[in-house]
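So the structure is just underneath, and the comments pick up after that.
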């Protein structure tokens, strides 16, 4: 069943998909995932946000192959679906969205998404935030979103490490890998895409 809200005239109106998101009113935004699950539900810092749960009746919005990962949220008594954060209106019916959804153990992954309002579909999604650790392996992803000359850029930094030998909680050495990725949001033939401009 969808979420219902009351309009000023007293009739009931079903919440739309984009109504879950807050308009982003700044030109820069950093995504730094919390390491503690409780921080997602009860933020410890005033700039940390819990997001707005997206009603599960909207799961068809993520049905395309490009957004399939967003369907695999971790269901529990506190979170029953992906969480909506921000929206930015682009052009040609497109919106730039920030959504948090399923991770390995909790809803720890943040995605930048492109949503087409006419098709009512998320047409493209890229990972922009995650914190994960298990068995000595660690993965951390954070990003910085910025609007420059009317173009949005996303700078993603990924860090991964794992032990070469792991036995009885002892690690003798680590293999680490760090990757920086730069995306631009670009328009081509009346469609918007995340375009990877650099990876190093």
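The values are calculated or read from the model by the stated rules, or taken from the named source; none is laboratory data. Note that the structure is a prediction, hence the values are computed from the model and not measured. Here the Cβ positions follow ideal geometry from the backbone for every residue, glycine too, while neighbour counts run over all protein chains shown.
Some points to look at:
- Scan of segment 1-31 for residues that are part of a loop (DSSP other than H, G, I, E, B) and modelled with pLDDT under 90, ordered by number: 1, 2, 3, 7, 8, 9, 10, 11, 15
- Against the test of being touching a strand residue (DSSP E or B) at 6+ places or on another chain (Cβ under 9 Å) and within 16 Å of residue 91 (Cα to Cα), the options 147, 155 yield a single qualifying residue, 147.
- Close contacts from segment 16-30, counting a first residue that is free of Cβ contacts under 8 Å to residues at least 60 places away in the same chain and a second that is assigned to a loop (DSSP other than H, G, I, E, B) and surrounded by 12 or more Cβ atoms within 10 Å (Cβ to Cβ), with Cβ to Cβ under 9 Å and a gap of 6+ residues or different chains, come to 19/3.
- Those strands (runs of 3 or more DSSP E) lying entirely in segment 97-200 with at least 2 residues in contact with a helix residue (DSSP H, G or I) (Cβ under 6 Å, 6 or more places away or on another chain), buried (at least 17 other Cβ atoms within 10 Å of the Cβ) and modelled with pLDDT of 95 or more: 121-134
- Filter result for the condition that a residue is at pLDDT below 90 and farther than 17 Å from residue 35 by Cα, over 93, 81: 81
- Residues that are more than 14 Å from residue 122 (Cα to Cα), in contact with a strand residue (DSSP E or B) (Cβ under 8 Å, 6 or more places away or on another chain) and part of a loop (DSSP other than H, G, I, E, B) within segment 51-89 comprise 51, 72, 73, 79, 80, 81, listed in sequence order.
- Filter pass, residue 74 being modelled with pLDDT of 80 or more, under 26 Å from residue 151 (Cα atoms) and more than 13 Å from the chain's Cα centre (by Cα): no
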